[in-house]
Amino acid sequence: MTAKMDVKTNPGGNFNLIAPVYDVLAFVVFGRKLQQAQGHFLSTIPPKASVLLVGGGTGWLLEQVLIRCQTERVLYLETSSRMVARATRRMTDKSLLGMVEFRVGDETSLRSGEQFDVVITPFLLDLFSEHTLQSRLIPSLLSVLKSGGMWLVTDFVAPPAWWQKILLWAMIRFFRLIAGIETRKLANWQQSLSDAGLVLQARKPQVGGMVSAEVWGQ
Ligand SMILES: C[S@@+](CC[C@H](N)C(=O)[O-])C[C@H]1O[C@@H](n2cnc3c(N)ncnc32)[C@H](O)[C@@H]1O
């Protein structure tokens, strides 16, 4: 595992404080639905793919990628050292440790020349403002996506029901307070991906329409 100091200025916040209880909180509010949503398009990952998983938290999705997909390389990029520690422990427990490279850092920690067939961002894009998505995060991740590669996104979208709007508002307030995420409202990340030249290939609404699992390509 390579590590550097936690990214204190990351507009996506610092999740170290909440790392020990993150999964429990998500389960209390959503049950297993957020996990199901993240796993929806994993079967579309081709064999021997090199995969960049960004913001994977405690590693549930990582475990699924390693078990279900025949990957050649998996890089796990996470800004929270405590999230990475949990993911590392989970992989050790499942004897999957040797199959992944952990890196504590953000998109600026990607190295020149690194290229991936697949980028996965599970509940990452909703942390950022549209400005940061368009000026920093999406261009950085696109620069390491191979031509013809795919980007799997699972994230919150503008919800249809009033109670979902309140829940989403409360979640953004909560993560602003606890983790210091920059955004005040959900960015239109689908528009930002489209503006960056990506093309939507598949979409599956999840969690009563407040989450979307999507495959984007170039
Ligand atoms: C909302 S949590 C989602 C965690 C996990 N994907 C899940 O659904 O359980 C967002 C995660 O992204 C990480 N993160 C935030 N900004 C990041 C960045 N720029 N690069 C990599 N990871 C980031 C946080 O540390 C946190 O673990």
*Boolean, S112 is more than 9 Å from the ligand (Cβ to nearest atom), at pLDDT below 95 and at negative phi*: yes
From the option list T108, T154, single residue qualifying as of a type outside the set (A, V, I, L, M, F, W, C) and surrounded by fewer than 23 Cβ atoms within 10 Å (Cβ to Cβ) is T108
Going residue by residue through the stretch 164-178, is there one that turns out to be farther than 21 Å from L62 by Cα, in contact (Cβ under 8 Å) with a residue 60 or more places away in the chain and of a type in the set (S, T, N, Q)? no
For W60, the lone unmet condition from (1) touching a residue at least 40 places away in the same chain (Cβ under 8 Å); (2) within 12 Å of the ligand (Cβ to nearest atom); (3) out of contact with any Ser or Thr (no Cβ under 8 Å at 6 or more places or on another chain) is (1)
Over the stretch 137-151, the set of residues surrounded by fewer than 16 Cβ atoms within 10 Å (Cβ to Cβ) and within 14 Å of the ligand (Cβ to nearest atom) is P139, S140
If we ask which residues in the stretch 169-205 are surrounded by fewer than 19 Cβ atoms within 10 Å (Cβ to Cβ) and not basic (K, R), their number turns out to be 21
Cβ pairs under 6 Å, 6+ apart or interchain, first in the stretch 13-33 and closer than 15 Å to W60 by Cβ, second among the polar types (S, T, N, Q) and surrounded by 16 or more Cβ atoms within 10 Å (Cβ to Cβ), ordered by first then second residue, are F15/S80; A19/S80; D23/T58
Filter result for V24 (among the aliphatic types (A, V, I, L, M) and within 17 Å of L152 (Cβ to Cβ)): no
Restricting the stretch 152-169 to residues that are within 30 Å of L142 (Cα to Cα) and β-branched (V, I, T), the one farthest from the ligand (Cβ to nearest atom) turns out to be V157
Quick count over the stretch 21-57, residues being within 12 Å of the ligand (Cβ to nearest atom) and of a type outside the set (A, V, I, L, M, F, W, C), is 11
Q. Do we have V65 as within 26 Å of M210 (Cβ to Cβ), touching a residue at least 24 places away in the same chain (Cβ under 8 Å) and loosely packed, with under 14 Cβ neighbours inside 10 Å here?
A. no
Counting only helices (runs of 4 or more DSSP H) entirely within the stretch 129-218, those with at least 3 residues that are aliphatic (A, V, I, L, M) are 138-143, 162-178
Would you confirm whether any residue within the stretch 76-93 is buried (at least 21 other Cβ atoms within 10 Å of the Cβ), on the phi > 0 side of the Ramachandran plot and of a type outside the set (V, I, T)? no
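The values are calculated or read from the model by the stated rules, or taken from the named source; none is laboratory data. No experiment lies behind these values; they were computed from the predicted model shown. We place every Cβ from the backbone using ideal geometry, glycine too, and count neighbours over all the protein chains shown.
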